[in-house]
Amino acid sequence: MFAYQLNKKNKMRETPWGNITYLQYKKKIEFGLKEFKILKKYAEKVKIDIFASCFDTNSLLLIKKLNFKFNKVPSAMITNLNFLTKVAKQKKITFVSTGMCAMKDIENAVKIFKKNNCKFILMHCVSLYPCPEEKLNLKVINTLKKKFNCPVGYSGHEPSVSPSIYAYMLGANIIERHITLDRSMWGTDQAASLSPDGMKMFTSVIKKSNKIFGNGVKRFYPEEKIMLKKFKYW
């Protein structure tokens with residue numbers, strides 16, 4: 001689902017299919033309606049939601065045929081206000097990635113979704129693949145929450161797990177991570193993705209965090225009262 005840049009389409013690239021043009025390469029890795037129908041069927045079987053990032057209007061119209069529950073605006077499209085308007089008019093809950101832009105661009109995007117009464121979640125993102133940890137700037141999550149009074153998630157492209165856990169602890173409502181079967185495989189996003197083991201570790205930590213965090217109400221546990229008897233001498 002890519003909009004091809006005219007200045008790149010004829011550049012040659014080494015790929016598993018040989019030395020081919022950038023446009024030919026993109027067509028090799030791009031899913032069409034047939035592939036998305038297969039993915040949708042599998043997602044329904046395992047009971048998970050599926051949706052996709054669209055980089056152009058034609059892709060958006062194609063995805064619309066599949067009746068996905070959500071839309072996703074990739075960072076590269078956040079400044080395309082005409083595209084954002086078409087997304088917002090569908091009135092599906094939309095994840096809006098906020099990489100590759102300034103705060104003013106986010107403000108413009110938010111105005112469009114509010115104007116069209118379309119629910120949205122801003123996704124803090126730094127569009128470097130992989131992103132150095134010192135550039136993640138996770139405190140922007142709370143900056144966006146305070147400024148726009150809306151749900152805010154985190155779209156991570158770093159090779160490690162811990163920043164995503166920190167993002168959750170800072171209040172991220174949604175965490176997005178790329179996953180790959182093998183990070184040593186050929187491809188542009190492998191270094192910015194988690195392996196299956198990395199994803200399992202991340203989700204395990206997140207799932208048990210609510211038990212660890214508790215509800216904030218101070219309690220004096222019965223077990224503590226028994227322990228106090230051992231220490232209290234007054």
- Message: Show me, bin by bin at 10 Å from 0, the whole-percent P(r) of the chain based on Cα pairs.
- Response: 7, 25, 33, 22, 7, 4, 3, 1, 0
- Query: So which trypsin sites (Lys or Arg not before Pro) in the stretch 28-122 end up in coil per DSSP with only 12 or fewer other C-beta atoms within 10 Å?
  - Reply: Lys47, Lys65, Lys69
- Residues with amide H under 5 Å from that of Ile93, placed H, sequence gap 5 or more: Asn71
- Please figure out what share of the DSSP beta bridges in the chain is antiparallel and state it in percent, rounded to the nearest 5. 20
- Near the amide H of Ile50, under 5 Å away, which other amide H atoms are found, from residues 5 or more places off or on another chain, if H is placed in the peptide plane? Lys69
- Query: Short version: ³J(HN,Hα) in whole Hz for each residue of the stretch 101-116, in order, from phi by Karplus 6.51 cos²θ - 1.76 cosθ + 1.60 (θ = phi - 60°), x for Gly and Pro, what are they?
  - Reply: 7, 9, 4, 4, 5, 5, 4, 5, 5, 4, 4, 5, 6, 5, 4, 8
- Note on the structure: Here the percent of antiparallel bridges among DSSP beta bridges lying wholly in the stretch 119-234, to the nearest 5, is 0
- Task: Select from the stretch 131-234 those trypsin sites (Lys or Arg not before Pro) which occupy a DSSP coil region and have at most 13 other Cβ atoms within 10 Å, ordered by residue number.
- Result: Lys139, Lys218, Arg219, Lys232
- Message: Taking amide H atoms as placed 1.01 Å from N in the peptide plane, list the residues 5 or more away in sequence, or in a different chain, whose amide H sits under 5 Å from that of Met123.
- Response: Val96, Ser97, Thr98, Gly153
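Every number here is computed from the coordinates shown, using simple stated rules; none is lab data. Just so you know, these numbers come straight off a predicted model, no measurement behind them. With ideal geometry, Cβ positions are generated from the backbone for all residues, glycine too; neighbour counts draw on all protein chains shown.
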